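What follows is a short report on a single structure.
The values are calculated or read from the model by the stated rules, or taken from the named source; none is laboratory data. It should be emphasised that the depicted structure is a prediction, and the values quoted were computed from it without experimental measurement. With ideal geometry, Cβ positions are generated from the backbone for all residues, glycine too; neighbour counts draw on all protein chains shown.
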């Protein structure tokens, strides 16, 4: 059969065709100078009018610059760029293997394999993002599985290089079934769009299906762009902890998503090494709905109010400890554990299993025990001054919020000011006065009082009606 491709492109000898499309082709070739097999991607610009040609040339050169910045085992290596008979071409690393989508076309992958592949992608993307490169088209068709189960990300043709001035707002580039909502809406895109795409790829590897169903192009695009949360129940059936990771990755609001590839990877590793009970209750309980009513048998409103404040204080101390161990899924884990625990001690034990294997495991355990001790020995709800007047009791979690607010005005010294100002109080106004006096300027003091008053309305706990 006659060969259907040229014998060479530039100095490179062509030995086979890997694939082709309407605008170009990819060939297998040989660099005769080095004796190395390569892949050569060429664009046929003769098929384009002037405007289209300029656009394709920009995107093609973008791919060269983007991939050329990224020297990583999980990203295809670029060797050369040039023109042949007026057509631009890239010379790349030749990869033996198959595209990832072929691997799970008939069904889901084993969980550990899917997680390993996702971690490889995140490692490679973390490197690309550190170079200021956002791929913007992460999908199984652009991921090659090579020998030793090594993944390689290819096709940076729609990548965005952060130059400080380019935003690509209003330009829809990418693949709808994998793109982030902000990308589908033509808004500004940053590295977190790639993390959303990895979340979709992980969903497909774990379940063998799309989180949007097998709808038409237009229907999928509409589902991507709208604000309705993505249903991760199919992953929940496999592993609730993994489902929580996927749920965070697929948040439509970019600020609620993982903020870095490293953060995503940390949570993913934690979810697959956790000793959390498999039959624990549902994850998706908002942490703010956690209550302490079941931790006391008292029916006195004042006692329940104090227990509520102590519970929230305990959980607020446990949360950063848990985040350091398992990452952003900590809130879901706390809510899950709380539903199956009857006492602070039970909750501490349920959360501590996630510390196993952490670098600072013993430090975390000691801090958790200290938090439990504080929650188990609440201060009296009311104290009495010498004159018999009831002393105002402020909840620990409110004091934390007040400290955060005060810090924005006077800096770290706020912690000391809060401690010194929260004792022997008769009124909320007295507490506000004690704090405001440390803030320079009447205008700033007034602004602080207004903001603190708003916080008091929802966070203050006292022993009497206010």
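Just a few scattered comments:
- Checklist (1) in a helix (DSSP H, G or I); (2) surrounded by fewer than 23 Cβ atoms within 10 Å (Cβ to Cβ); (3) out of contact with any helix residue (DSSP H, G or I) (no Cβ under 7 Å at 6 or more places or on another chain) applied to residue 231, failing item: (1)
- The listed residue being under 27 Å from residue 112 (Cβ atoms) and assigned to a helix (DSSP H, G or I), out of 224, 201: 201
- Filter pass, residue 97 being over 28 Å from residue 9 (Cβ atoms) and surrounded by fewer than 18 Cβ atoms within 10 Å (Cβ to Cβ): no
- Residue in region 39-49 that is in contact with a helix residue (DSSP H, G or I) (Cβ under 9 Å, 6 or more places away or on another chain), touching a residue at least 40 places away in the same chain (Cβ under 8 Å), closer than 26 Å to residue 4 by Cα and loosely packed, with under 15 Cβ neighbours inside 10 Å present: yes
- Here residue 190 does not qualify as more than 23 Å from residue 132 (Cβ to Cβ) and either surrounded by fewer than 20 Cβ atoms within 10 Å (Cβ to Cβ) or outside the structural domain of residue 104 (by TED's automatic domain parsing) (or both).
- Taking residues in region 18-35 that are outside any strand (DSSP E or B), and partners anywhere that are modelled with pLDDT under 85 and loosely packed, with under 14 Cβ neighbours inside 10 Å, the pairs with Cβ atoms closer than 9 Å and at least 6 places apart or on different chains are 22/47; 23/47.
- Residues that are touching a helix residue (DSSP H, G or I) at 6+ places or on another chain (Cβ under 6 Å) and assigned to a loop (DSSP other than H, G, I, E, B), drawn from region 344-371: 358
Condition check ((1) outside the structural domain of residue 34 (by TED's automatic domain parsing); (2) in a loop (DSSP other than H, G, I, E, B); (3) surrounded by 19 or more Cβ atoms within 10 Å (Cβ to Cβ)) across all residues:
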{"position": "71", "(1), (2), (3)": "no, yes, no"}
{"position": "82", "(1), (2), (3)": "no, no, no"}
{"position": "88", "(1), (2), (3)": "no, no, yes"}
{"position": "107", "(1), (2), (3)": "yes, yes, no"}
{"position": "117", "(1), (2), (3)": "yes, no, yes"}
{"position": "122", "(1), (2), (3)": "yes, no, yes"}
{"position": "126", "(1), (2), (3)": "yes, no, yes"}
{"position": "129", "(1), (2), (3)": "yes, no, yes"}
{"position": "138", "(1), (2), (3)": "yes, yes, yes"}
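- Taking the numbered list (1) free of Cβ contacts under 8 Å to residues at least 60 places away in the same chain; (2) under 25 Å from residue 129 (Cα atoms); (3) surrounded by fewer than 21 Cβ atoms within 10 Å (Cβ to Cβ) in turn, residue 254 passes all entries but (1).
- In region 416-444, the residues that are crowded, with 17+ Cβ neighbours inside 10 Å reach residues that are at pLDDT 80 or above and in a loop (DSSP other than H, G, I, E, B) with C-beta atoms within less than 7 angstrom, at least six apart or across chains, in these pairs: 417/438.
- Selection from region 153-177 of residues that are closer than 22 Å to residue 43 by Cα, out of contact with any helix residue (DSSP H, G or I) (no Cβ under 6 Å at 6 or more places or on another chain) and either in a loop (DSSP other than H, G, I, E, B) or at pLDDT 85 or above (or both): 158, 171, 172, 173, 175
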